[in-house]
Amino acid sequence: MFRVRKHLMGMVVFFASLGTLCSAEKEVTLVRDGIPRTAIVLGEKPTRSAHMGALELQHFIRLITGAELAITRDAKYPAEIRIYVGDSADTVKAGLKSGDFEGETSLVKFSGNNIYLIGCDSPDYGKVDYKDSLTFPKFYFNTRGSLYAVYDFLEHQCGVRFYGPWENSTTFKPRKTLSVKAVDRKFTSPLDAFRRVWDDDETYSMFPLSARERALWELRWRMTELYGSVNHNIYSIYFTHWGKAKSPYLAPCFLDKRENLFAQGYKGTDSYNDPILKDNYPDDPDLPPQLCFSNPDTAKYFGNEAAVYFNGGNVRGGWWNGKGTISPEKCLTPRTPGKPFFYPVEPADSNLFCKCGECSTQFPDLKGDERISNVKFAFVSAIAREAAKKQPGAGVSTLAYIQTLDYPKKVKIPDNVSVQLCLTHFAWWHPGIRKSQEEQYDLWIKNEASRRPVTLWTYIFSPHWDARRHFGKYNNFPGFYPWQIGKMMKKFTSDGIKGWSTEVELQQSCLEAYVSAKIAFDPSLDPDKIIDEYFADSFGKAGDAMKQIYREVENAYWNYRNYPPEWFKDIHKPYGPHGPHNPHWGTSLHSEEVNWAIGTPERMKKIEELLKEAEKQVETPEEKARFQRFIAGIWDRARRGRVEYDVKLANMGKTTNIAVTPARHADAGGDPGKIDWSKAASTGAWKRTMDGTAHPSQIQMRMAADSKFLYLKYTEQNPPKWDDSSFWNNCVELYFSELPMLPLFQFAVSPDGEKKELVHKMENDVVRMEKYDFKAKFISHAVPDSWEWMLAIPLERLPLDGKRIAMTADFFRTYPGKDARRRASWAPVYGLDYRGGISRYGRIFMPVVEYQDSSFSFGRSNKPMDNTPDPKASDGRAGIVDGNKGWTLTCSLGPIEKAQYNVTAYIRTDALPEDGLTTRCGIYDPEGKQIAGVKPIPVKDISGDDFKAVSFGPVTLSPNMYFYVGGFSKKVSGKNSVYVDRFILNKMPSK
Ligand SMILES: [Zn+2]
């Protein structure tokens, strides 16, 4: 292992002729003109931390100088300068012993020609093979002070920078002579609980990491987990007290069914989607989506689990034994000497909380999430008290996450609780989101940071996250914010947080993650200096141009004035593309439209010019490779995205208002066989899903509606030959939603008559799919040269809007075979992700829209109209109008389709008939500020107890116009009320 390599022979000769040097000087020359003068000395039995340190030191000095330093355990090894890594007999003689340090402390100390790189190492011994990451120092509950001393030395003394996990993201200046300044520096990171970076793009990054690269990256960025980390962890109680798990390892855990430990009120809802539990209870529609937080036995259960782990055991289904395959005797969470112990308990990632009497009435003076947060922290506090009762020293760590980020003012949290706050700080350019999260953060820090470990879970996301997960995988303009994140991390660390972990898409946001990890390790660093160094070190002469690009993007991305102004009208009620946005969360803001309002053509051009400059200026192969990683990993997507968005804008111009109004049909009782399809409306020819061009398929979709059902008839001539493709590769899918957003209802049918019915919902940033029952009547008929099916769906099972005017919909035909691009749809979505293309779906307008008295307003205000019982009215009630006043009743038409309609009002009056006496009824257009249609109605025609149909039309109507009923043509003494039952719009068939 520690062979003397051949250049050492040269070294021995060389330094013998030089004599002593530099002992009195402030600088020590490790390698001169490519000749090593230094040996790395390890102890007899080094820790893995020290051993790894020696190998890393040797590796980087060789990269810098070309010289390979010997690693030796021989105290007499001939070398002029000795670097001791970890402790050994010689360091003990010099008064330095690993055991004298605490926590993660590391020391870099110069003494004459001796350099000591030493620190507190956990007793983790074993041979390290530099090529095999499985032999590297252990990650969890393991301190690596000696290795950290080496990194400290490499960074501060030798100028090495570990900017990222890829080999060429590490920088240094190659030189034949390496001299280092003498220092005496002892360092301990104040964030002693954990520092962790999770790359969320592990499975889809263009630059995947090998296990070794990942392990080196974690060590070089000084990531660690010593105590207090937490994630969702409530599984074992299901295996013990809900039912026998499917897994043979977990099934024996079942003791007895205790339903009241779990959330009440979700029986039969099939609402739990967590894969760990779903896999173990696959067909259980009663599986509760949460725990009961108020049941003292639930708290007792987890208090006990915490004590078991504290005592060195574990629980099948508990932390790090989710599959139950590990023996309960094994210690999975060793206690770190000198550090507290917290067992992670975080409820399910679901906002379906328990509805039992106690849970729903706790903290009655609080509302919404604030109440939920108090209920949750009362629960966690009860667990912590139970744990301490069982086992003094045992504590509980938990999250303050979305619904529970609110500081629980009414709960006195015991001291043995550690809290990790989840902050979506990447979206803090949004003033409403920032204010809301910062307010809660400040409360937690002010009230709790001195009493317990308060730690952070941050999210280093960018528009790429939203593009990928929320808006159909469009190619996006990037979002950079290294300077902003630097300021935020300075603030967090100066507030005394004890741990930090983050999620990141490394390919997009590696610099932001690097700045954060650096400051988390050493909060005294200056982020601006870190960033300046990054650009100069990584890109050489092109550093300035690259830095300007980051500045340009950060200034645009982090400026709320570049986002739709209506999002910021009320800072307490943040908005996003889907309307009101939960301020405790930050994703799903960067829709394609919003993103490309930032990546303007002008900004793209400016950045392209800077890139041209940078491309000329990068010199070394490493600089060129880093530049190419930026282009391939980030900028190519922006280039493609801008072009695709421009094409879409053009296409959307051609294809907007894809809409259909089903033909009105006499009531057919939900039987599609009774529909006269020759009179039904047609969707028109379907297009290619990908690009909106003409599709050769012979597909026809016809639609009709009666007062209770929507009817569809699909025919396809010469469909491809059936093969044994899976359902989803040969089917027609129908999607319906109220607006172009979730929830989205899906009905899918295959040629063999199989069907699937689902609803897609968004919950805590995860799309959940559940079974749905359209209660539809379905008839399919497939023969070799044609496929035909008919469907009748009750209107009440469709996501029509409140007045049943319209809904969003699209229909897709997926064909078997290799060419996925041969897909057809009614409205093209310009992508293969049907759900993600929702913003391009069409609209289905109902042929008949009825406005009942519940939609009437008083005068021109939005004040609801009083209505009165009226046995002759269609629904038993009618609006009542003082006929001596004008504009007494209005009724907004809502988001109807702009088209020609026949309009019918059902109206009567108790005024006596009189020649020439009229009242007026009309339609007003607030945009054009004019009356769109008006009809004087002779009182004699509508006088009496019966409502009379008054027709006017055809009238061209647009969204948001409204009906009004005006006053009599002259004042009437005596009875003067006008009663309005309803208005009905009948769309005229289009020519
Ligand atoms: Zn409950």
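FYI, it's all coordinate maths here, none of it is from the lab. What you see is a predicted model, and the numbers here were worked out from it, not measured in a lab. Backbone-built Cβ (ideal geometry, glycine too); neighbour counts: all protein chains shown.
Excluding LEU63 itself, calculate the net charge of residues whose Cβ lies under 12 Å from the Cβ of LEU63, where each Lys or Arg counts +1 and each Asp or Glu counts -1. Kindly include the intermediate steps, with their values, before the conclusion.
On the way: positive: ARG62, LYS173, ARG175; negative: GLU56, GLU68, GLU167, GLU622.
Spelling it out: positives minus negatives among the neighbours equals -1.
Quick check: convex hull over the Cα atoms of the chain, volume per residue in Å³, rounded to an integer? Could the numbers behind the result be given before it?
Values: hull volume 203.8 nm³, N = 991.
That works out to 206 Å³ per residue.
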Projected onto the charge dipole of segment 474-533 (unit charges on the beta-carbon of Lys, Arg, Asp and Glu, signs +1, +1, -1, -1), the Cα from VAL504, ILE531, ALA520 with the largest positive-side position is that of ALA520
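Which pairs break 26 Å Cα to Cα here: LYS45/LYS93; LYS410/LYS435; LYS573/LYS756; LYS278/LYS355; LYS76/LYS97? Don't skip to the end; give the middle numbers.
Working: LYS45/LYS93 16 Å; LYS410/LYS435 22 Å; LYS573/LYS756 38 Å; LYS278/LYS355 21 Å; LYS76/LYS97 20 Å.
Exceeds cut-off: LYS573/LYS756.
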Calculate how steeply helix 506-521 sits against the longest principal axis of the alpha-carbon atoms of the chain, using the helix alpha-carbon long axis, and give the answer as 0 to 90 degrees to the nearest 10.
-> 50 degrees
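What are the GluC sites (Glu not before Pro) within segment 165-259 that DSSP puts in a loop, where the Cβ has at most 14 other Cβ atoms within 10 Å? Mind dumping the intermediate values first?
On the way: sites: GLU167, GLU202, GLU213, GLU218, GLU225, GLU259; in loops: GLU202.
Hits after loop and neighbour filter: GLU202.
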Between the modelled labels at LYS446 and GLN698 (7 Å from Cα along Cα→Cβ) the distance in nm is 7.4 nm
Antiparallel as a % of all DSSP beta bridges within the chain, to the nearest 5?
-> 75 percent
Lysines within cross-link reach of LYS409: Cα-Cα under 16 Å, excluding same-chain residues under 8 positions apart?
-> LYS367, LYS376, LYS446
Could you sort 116-125, 171-180, 37-46 so that the peptide with the highest average Cβ count within 10 Å comes first and the rest follow in order?
-> 116-125, 37-46, 171-180
Which order do VAL150, VAL759, VAL183, VAL732 fall in if you start with the one that has the fewest other Cβ atoms within 10 Å?
-> VAL183, VAL759, VAL732, VAL150
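May I ask you to derive the FRET efficiency for LYS367 and ILE931 from their Cβ-Cβ distance with R0 = 45 Å, giving the value to the nearest 0.05? Write out the running numbers ahead of the final one.
On the way: r = 45 Å, r/R0 = 0.99.
With a Förster radius of 45 Å, E is 0.50.
Where does the charge balance sit around PRO252 when Lys and Arg score +1, Asp and Glu -1, over other residues with C-beta under 9 Å from its C-beta?
Numbers: positive: LYS244, ARG316; negative: none.
Local charge sum for PRO252: +2.
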Would you kindly derive the ³J(HN,Hα) couplings of segment 75-91 from the backbone phi angles with the Karplus curve 6.51 cos²θ - 1.76 cosθ + 1.60 (θ = phi - 60°), listing them in order in whole Hz, with x for Gly and Pro?
-> 4, 9, 3, x, 7, 6, 10, 10, 10, 8, 10, x, 8, 7, 3, 5, 5
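Dipole of the chain, Cα-centred, from +1 at each Lys and Arg C-beta and -1 at each Asp and Glu C-beta, to the nearest 20 debye?
Details: 133 positive and 122 negative charges, 160 e Å.
Computed charge dipole of the chain: roughly 760 debye.
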Compare the peptides 895-904, 688-697 by average per-residue count of other Cβ atoms within 10 angstrom and give them in order, highest first.
-> 895-904, 688-697
Taking LYS940 as the anchor, which aspartates and glutamates have their alpha carbon closer than 15 Å to its alpha carbon, excluding any fewer than eight residues away along the same chain?
-> ASP910, GLU914, ASP915
Degrees, to the nearest 10: 431-448 long Cα axis against longest axis of the chain | 50 degrees
Radius of gyration, Dmax [segment 368-451; alpha carbons; angstrom] = 13.6, 46
Please state the charge dipole magnitude for segment 228-417, taken about the Cα centre, from unit charges on C-beta atoms (+1 on K and R, -1 on D and E), reported in debye and rounded to the nearest 20.
-> 520 debye
For ASP274, ASP442, order by how many other beta-carbon atoms lie within 10 Å, fewest first = ASP442, ASP274
Ranked list, fewest to most other Cβ atoms within 10 Å of each Cβ, for MET489, MET206 | MET206, MET489
Put +1 on the Cβ of every Lys and Arg and -1 on every Asp and Glu Cβ in segment 6-188; which of ASN114, THR29, ILE40 then has its Cα farthest towards the positive end of the dipole?
-> THR29
Over the chain, what relative contact order in percent results from Cα pairs under 8 Å that are six or more residues apart?
-> 7 percent
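Would you work out the charge dipole size for segment 662-846 about its Cα centre, treating the Cβ of every Lys and Arg as +1 and the Cβ of every Asp and Glu as -1, and quote it to the nearest 20 debye?
400 debye
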Take every DSSP beta bridge whose two residues both sit in segment 424-653, then give the antiparallel share in percent to the nearest 5.
-> 25 percent
Flagged links, alpha-carbon separation over 23 Å, of LYS26/LYS529; LYS755/LYS777; LYS708/LYS803; LYS131/LYS547; LYS412/LYS518 = LYS26/LYS529; LYS131/LYS547; LYS412/LYS518
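Can you give the net charge of the other residues whose Cβ lies under 12 Å from the Cβ of VAL903, counting K and R as +1 and D and E as -1?
Values: positive: LYS935, ARG982, LYS987; negative: GLU850.
Taking every Cβ under 12 Å from that of VAL903, the sum is +2.
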Which of the peptides 926-936, 277-287 is most tightly packed, and how do the rest follow, judged by the mean count of other Cβ atoms within 10 Å per residue?
-> 277-287, 926-936
How far is helix 296-310 tilted, in degrees, relative to the longest principal axis of the Cα atoms in the chain, given as a value from 0 to 90 rounded to the nearest 10?
-> 20 degrees
Could you please state, rounded to a whole Å, how far the C-alpha centre of segment 782-800 is from the C-alpha centre of segment 367-425?
-> 50 Å
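As a test of the formula, what do you get for the chain when each DSSP H run with n ≥ 4 contributes -39,500 (n - 2.57) and the sum is divided by the residue count, at 222 nm and rounded to the nearest 500 deg cm²/dmol?
Numbers: 21 runs with 249 residues, N = 991.
Mean residue ellipticity at 222 nm (helix-derived): -8000 deg cm²/dmol.
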Lys/Arg Cβ at +1, Asp/Glu Cβ at -1, dipole of the chain taken about the Cα centre: which of TRP242, GLY859, MET762 is farthest positive-ward?
-> MET762
